[in-house]
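Chemist: The structure follows.
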Amino acid sequence: MSGELNPETIVFFENRLTPLSEARVGILTHALGFGTGVFEGIRGYWNERENQLFLMRPREHFERWKRNCGILRIEVAPSAAELSELTADLVRRNGYRGDVYIKPLAYKSSQRIGIHMDGQDAFAIVPMPAPAYLDSSKGLHAGVSSWRRIEDNAIPGRAKICGSYVNGVLASDEARRNGFDEAILLTEAGHVAEGASCNIFLVRRGTLITPPASENILEGITRDSVMELARRELRLDVTERPVDRSELYVCDEMFFTGTMVEVAPVIRVDHRPVGTGEIGPVTAGLRQLYSQAAHGRLEAWRHWLMPVYEPVPE
Ligand SMILES: Cc1ncc(COP(=O)(O)O)c(C=O)c1O
């Protein structure tokens, strides 16, 4: 992801709408010094035929955000429904007619040197055109990282806590420098946790397998969507259980999931082919289903989506 955002972008910051260029925090902000922020990542998909932009599961994202803010004792007062409305309003004000990415960020906002937290919180919501991300269409090469996934009793990985992302940053930097597209992090116990910024799935003998929430994963909303699609649309067995490192080397298929990566096939891991070394049928099927559902092309999954614009009568 790269590229400067338009400084005229209208964002929500400190309880008002303001151009991005004026949404600034001070150098001594607690969240900047100590990583005490919690963010989210939400996507919106443009449906050309309906002339409509759909936000993908905004309520679930805002509910997760509000709950996880509680870990840092940050209170975001509006309800998930109100935050979804606010986001739709931001998208409309910016006139986006294409795929979008939304970044909500709540943070400890006081200007202070001391580490202890006070009750001064703030939040912002920044919309943007969906940035170009890792192209996974031909399949990725993943590598097991030498960095371990953060433990729940150190920094809870189930929340998108700003400071904890140093863990993923180190792992993905190492992976890229070593020639991989993405890192796979193990837990301290040596089990597979997830990618640097995405969840992981394996297919073995027709069963879809993913590490459970207790393996220090971020409880991904895309992960949840993919499990639902696999069960309901493909009638697959889906199992959440600890995964050994060596299962990565003997599985039939592997893919990552996340708001940014969507469903990203992995065709090589640690210089070994995954299964046949080509994108497998389960991965291809789920990738297609997820894209269709997110764009509003599957009636059964329209309840996941929030339309941003007034529908145009046929
Ligand atoms: C560390 C980590 N794991 C997994 C995910 C996937 O979560 P979601 O599907 O809710 O985007 C993310 C997403 O940003 C992440 O940062």
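Chemist: What residue, of Lys103, Lys66, is charged (D, E, K, R) and crowded, with 20+ Cβ neighbours inside 10 Å?
Modeler: So the residue among Lys103, Lys66 that is charged (D, E, K, R) and crowded, with 20+ Cβ neighbours inside 10 Å is Lys66.
Chemist: What residue, among those in region 275-297 that are touching a residue at least 24 places away in the same chain (Cβ under 8 Å) and touching a Leu at 6+ places or on another chain (Cβ under 8 Å), is surrounded by the fewest Cβ atoms within 10 Å (Cβ to Cβ)?
Modeler: Here the residue is Gly285.
Chemist: Given the criterion under 30 Å from Asn153 (Cβ atoms), in contact with a helix residue (DSSP H, G or I) (Cβ under 9 Å, 6 or more places away or on another chain) and buried (at least 16 other Cβ atoms within 10 Å of the Cβ), identify the matching residue among Phe123, Phe54.
Modeler: Result of the check over Phe123, Phe54: Phe123.
Chemist: Please verify whether Ala175 is in a strand (DSSP E or B), hydrophobic (A, V, I, L, M, F, W, C) and within 15 Å of the ligand (Cβ to nearest atom), treating the condition exactly as stated.
Modeler: The answer is no for Ala175.
Chemist: Now for a different question. Going through Leu248, Leu236 one at a time, which residue ends up being in contact with a helix residue (DSSP H, G or I) (Cβ under 6 Å, 6 or more places away or on another chain), among the aliphatic types (A, V, I, L, M) and away from the ligand (no atom under 16 Å from the Cβ)?
Modeler: Leu236
Chemist: Related question: Name every residue in region 43-94 that is over 20 Å from the mean Cα position of the chain (by Cα) and either β-branched (Val, Ile, Thr) or within 13 Å of the ligand (Cβ to nearest atom) (or both), in order of residue number.
Modeler: Selection gives Ile74 alone.
Chemist: Now for a different question. Suppose we keep only residues that are touching a residue at least 40 places away in the same chain (Cβ under 8 Å) and away from the ligand (no atom under 14 Å from the Cβ) within region 221-233. Which one would you say is surrounded by the fewest Cβ atoms within 10 Å (Cβ to Cβ)?
Modeler: Arg232
Chemist: In the list Val91, Val100, which residue meets the criterion of being touching a residue at least 40 places away in the same chain (Cβ under 8 Å) and closer than 14 Å to Leu17 by Cβ?
Modeler: Result: Val91 is the single residue among Val91, Val100 that is touching a residue at least 40 places away in the same chain (Cβ under 8 Å) and closer than 14 Å to Leu17 by Cβ.
Chemist: Then there's this: Sort out which residues of region 128-157 are closer than 21 Å to Tyr107 by Cβ and surrounded by fewer than 18 Cβ atoms within 10 Å (Cβ to Cβ), and write them in order of number.
Modeler: Ala154, Ile155, Pro156
Chemist: If you don't mind, another one. If you go through region 143-164 one residue at a time, do you hit one that is hydroxyl-bearing (Ser, Thr, Tyr) and under 23 Å from Asn68 (Cβ atoms)?
Modeler: Taking every residue of region 143-164 in turn, at least one turns out to be hydroxyl-bearing (Ser, Thr, Tyr) and under 23 Å from Asn68 (Cβ atoms).
Chemist: Do we find a residue being outside any strand (DSSP E or B) and within 16 Å of the ligand (Cβ to nearest atom) anywhere in region 18-38?
Modeler: Checked against the condition, which is being outside any strand (DSSP E or B) and within 16 Å of the ligand (Cβ to nearest atom), region 18-38 yields at least one hit.
Chemist: Now, a different point. For residues in region 193-220 being away from the ligand (no atom under 12 Å from the Cβ) and in contact with a Leu (Cβ under 6 Å, 6 or more places away or on another chain), which is farthest from Thr283 (Cα to Cα)?
Modeler: Ile209
Chemist: Of all residues being assigned to a strand (DSSP E or B) and farther than 24 Å from Tyr45 by Cβ in region 100-122, which is nearest to the chain's Cα centre (by Cα)? Just the residue, please.
Modeler: Across region 100-122, the extreme among qualifying residues is Ala106.
Chemist: Sticking with this structure for a sec: Of the conditions (1) in contact with a strand residue (DSSP E or B) (Cβ under 6 Å, 6 or more places away or on another chain); (2) more than 22 Å from Val308 (Cα to Cα), Ile42 fails just one. Which one is it?
Modeler: All conditions are met except number (2).
Readers should treat all values here as calculations from the given coordinates under stated rules, not as data from a laboratory. None of these values were measured; they are calculated from a predicted model. We place every Cβ from the backbone using ideal geometry, glycine too, and count neighbours over all the protein chains shown.
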